[in-house]
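Participant: Take a look at the following structure, please.
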Amino acid sequence: MTVLSSIGTPAIPGGSYVILTMVLTSVGIPAEGLALILGIDRPLDMLRTAVNVTGDTAVATIIDRK
């Protein structure tokens, strides 16, 4: 379920928190542990979203030219 959910997550800013909660729970760390990670995950989340949008735009441009 985590793998399937993670496919669409990078396109949604803040969407990784749901995946992160599922992963932490599956590893045995309580969901409250997410509070420790939020401080460093926000900049990483913005970078993941920017890379995803850039990749989607590049592929759409390549496909449009053919």
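Participant: Would you check which residues across the stretch 13-39 are free of Cβ contacts under 8 Å to residues at least 12 places away in the same chain, of a type outside the set (A, V, I, L, M) and in a helix (DSSP H, G or I) and list them?
Facilitator: Thr25, Glu32, Gly33, Gly39
Participant: Out of all the residues in the stretch 12-34, which are open to solvent by 60 Å² or more (accessible area, probe 1.4 Å), more than 25 Å from Asp56 (Cβ to Cβ) and at pLDDT below 80?
Facilitator: Correct list: Glu32 only.
Participant: If only one of Arg48, Arg42 is basic (Lys, Arg), assigned to a helix (DSSP H, G or I) and either surrounded by 15 or more Cβ atoms within 10 Å (Cβ to Cβ) or modelled with pLDDT of 85 or more (or both), which one is it?
Facilitator: Arg48
Participant: Count, please, the residues in the stretch 40-65 that happen to be under 13 Å from Leu20 (Cβ atoms) and of a type outside the set (A, V, I, L, M, F, W, C).
Facilitator: Of the residues in the stretch 40-65, 4 are under 13 Å from Leu20 (Cβ atoms) and of a type outside the set (A, V, I, L, M, F, W, C).
The values are calculated or read from the model by the stated rules, or taken from the named source; none is laboratory data. All of these numbers come straight from a predicted model, not from anything done at the bench. Heads up, the Cβs are rebuilt from the backbone with ideal geometry, glycines too, and the neighbour counts pull from every protein chain shown. Heavy atoms of the whole protein, side chains included, go into the accessibility calculation; ligands, DNA and RNA do not. Shrake-Rupley method; radii C 1.70, N 1.55, O 1.52, S 1.80 Å.
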